[in-house]
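Below you'll find the structure, written out as structure tokens, and then a few comments.
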Amino acid sequence: MSTANMLHEPHRLIGRPVRDTVSGRTGVLRAIAPDGDAPNPVAWLSPAGGGKEWTAPPQAIEPVEASAASSYAGGRH
């Protein structure tokens with residue numbers, strides 16, 4: 001099944017470490033997609049070492065620099 005069928009939107013940071021500027025947490029961007037019946041898509045993030053996903057507004061994510069990405073391995077931020 002293509003991601004278009006799942007209502008996912010393309011984003012240059014999918015699969016890369018990002019910071020959620022709303023919560024301050026750092027994780028891996030998994031998708032930009034709807035959350036239930038909400039009218040706008042959200043960013044789906046997960047801790048790098050695994051754990052519970054969370055959502056954030058897409059405009060609240062920013063890339064994590066390579067040096068900072070190695071310091072959060074294990075999802076402890």
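Every number here is computed from the coordinates shown, using simple stated rules; none is lab data. Keep in mind the model is a prediction, meaning the values are calculated, not measured.
HN-Hα J couplings of segment 32-37 from phi, Karplus 6.51/-1.76/1.60, θ = phi - 60°, integer Hz, Gly and Pro as x?
Couplings: 10, 7, x, 10, x, 8 Hz.
Out of residues 5 or more away from Arg25 or on other chains, whose amide H comes under 5 Å of its own, with H placed 1.01 Å from N in the peptide plane?
When sequence neighbours closer than 5 places are left aside, the close amide H contacts are Asp20.
In whole Hz, what ³J(HN,Hα) sequence does segment 39-53 give by Karplus (6.51, -1.76, 1.60; θ = phi - 60°), x for Gly and Pro?
Each residue's phi maps through the Karplus curve to give x, 10, x, 10, 8, 9, 10, 9, x, 4, x, x, x, 6, 5 Hz.
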